[in-house]
Amino acid sequence: MTRVMAVAVAAGTLGACAANPRPRGGVEYVVRGPPAERVEVVGEGPSREHVWVKGHWAWRRNDYEWVPGRWVLPERGYRVWEPGRWEHDRGGWFYMEGRWR
């Protein structure tokens, strides 16, 4: 059985409830959930303006791969990073990308 269930063709066909946000079109569904998050040691940032973007599990080549956290400068006009997260609906598991707020 393949680990990838389907590629969403259009967000309108996914059917999600309000408590479970709808993924963007073209999202890859995964049958099994991600492993537990890794504990990252976060040192001092390069400057007071830098924001820590925590690491996360990404789906790569039929398995999960850890993407380490990093210090970044916020996009112009933003100060807070809202981390990405894995969500689950009837199609399986999918990743909601992080964004600036």
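A search for C-beta distances below 9 Å between a residue of segment 56-82 that is at positive phi and any residue that is loosely packed, with under 10 Cβ neighbours inside 10 Å, counting only pairs 6+ apart in sequence or on different chains, returns 62/2. Across segment 73-99, the qualifying residues are those that are exposed (fewer than 15 other Cβ atoms within 10 Å of the Cβ) and among the hydrophobic types (A, V, I, L, M, F, W, C), and the one among them that is nearest to residue 34 (Cα to Cα) is 80. Considering only residues in segment 22-67 that are open to solvent by 80 Å² or more (accessible area, probe 1.4 Å) and touching an Asp or Glu at 6+ places or on another chain (Cβ under 9 Å), the one that is modelled with the highest pLDDT turns out to be 22.
The values are calculated or read from the model by the stated rules, or taken from the named source; none is laboratory data. Computed from a predicted model, the values in this text were never measured in an experiment. Virtual Cβ from ideal backbone geometry, glycine too; neighbours counted across all protein chains shown. For accessibility, only protein heavy atoms count, side chains too; no ligands or nucleic acids. Shrake-Rupley method; radii C 1.70, N 1.55, O 1.52, S 1.80 Å.
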